[in-house]
1. Those residues that are in contact with a helix residue (DSSP H, G or I) (Cβ under 6 Å, 6 or more places away or on another chain), surrounded by 19 or more Cβ atoms within 10 Å (Cβ to Cβ) and over 16 Å from residue 185 (Cβ atoms), I need them from the stretch 125-150; list them, please.
2. Please work out which one of (1) surrounded by fewer than 24 Cβ atoms within 10 Å (Cβ to Cβ); (2) assigned to a helix (DSSP H, G or I) is the condition residue 176 fails and give its number.
3. Return the total of residues in the stretch 105-118 being farther than 20 Å from residue 174 by Cβ and either at pLDDT below 90 or crowded, with 17+ Cβ neighbours inside 10 Å (or both).
4. Mind checking whether some residue in the stretch 4-22 is modelled with pLDDT of 55 or more and under 26 Å from residue 148 (Cα atoms)?
5. Looking at the structure I just gave you, is residue 192 over 30 Å from the mean Cα position of the chain (by Cα), at pLDDT 95 or above and under 26 Å from residue 151 (Cβ atoms)?
6. Exactly one of these conditions fails for residue 148: (1) under 30 Å from residue 180 (Cα atoms); (2) assigned to a helix (DSSP H, G or I); (3) within 16 Å of the chain's Cα centre (by Cα). Give me its number.
7. Quick one: residue 180 ticks every box in (1) modelled with pLDDT under 95; (2) within 24 Å of residue 132 (Cβ to Cβ) bar one, so which box is it?
8. Hey, residue 164 hits all of (1) within 25 Å of residue 112 (Cβ to Cβ); (2) buried (at least 18 other Cβ atoms within 10 Å of the Cβ) but one; which does it fall short on?
């Protein structure tokens, strides 16, 4: 019994330290290599961020400034493709400064420009290239994409994208707009039950919105058409 107790006795501190030192000595090369690898990766990332990415971001922000002015003036063609006095256009900004936040924003601007010019295929391609998680911009881009699908006659994609935009936004400013648009498209498709669901969501969840003021008539219309 005594032998059994000694067999299960905990290792003392000196023995544990000795074993640790032995392990470190035995695997010294691998441990040093691992630590060196981590240091190289961290240093590489910091150099990439501070010496490459941040300067490119600054240049991109300077490049896009004039385009934003053209966009606000509804000069969509010039905003897209540039002018003759140094501004290169949203499309080139998105390509030349790829990987930056500004390039990502340029895709969104380009998509809206194409949409306003009636070039819906190009608009969808640009808008789908945008990647973001902002609670206002991202759903707005989704909503614009849904409207482009509607203009192209792709009504299933249009309604599903608008419903997704409403869910992503989840606020009383954008969501009711997208739900109304989705509801009207669903009615055109003869999907009256789905339209009622979209309209009812405005009534129940976004009752403080402007769209909720007369939503009952849309609900009743869709219900009547369903019969």
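1. 126, 127, 130, 139, 141
2. (1)
3. Start the filter on the stretch 105-118 by keeping residues that are farther than 20 Å from residue 174 by Cβ, which leaves 106, 110, 113-114, 117-118.
Now narrow it down to the ones that are either at pLDDT below 90 or crowded, with 17+ Cβ neighbours inside 10 Å (or both): 106, 110, 113-114.
Selection size over the stretch 105-118: 4.
4. No, the conditions are met nowhere in the stretch 4-22.
5. yes
6. The one condition residue 148 does not meet is (3).
7. Here residue 180 meets the rest and fails (1).
8. (2)
The values are calculated or read from the model by the stated rules, or taken from the named source; none is laboratory data. All values reported here derive from a predicted model rather than from experimental measurement. Ideal geometry is used to build each Cβ from the backbone, glycine not excepted, and the neighbour counts take in all protein chains shown.
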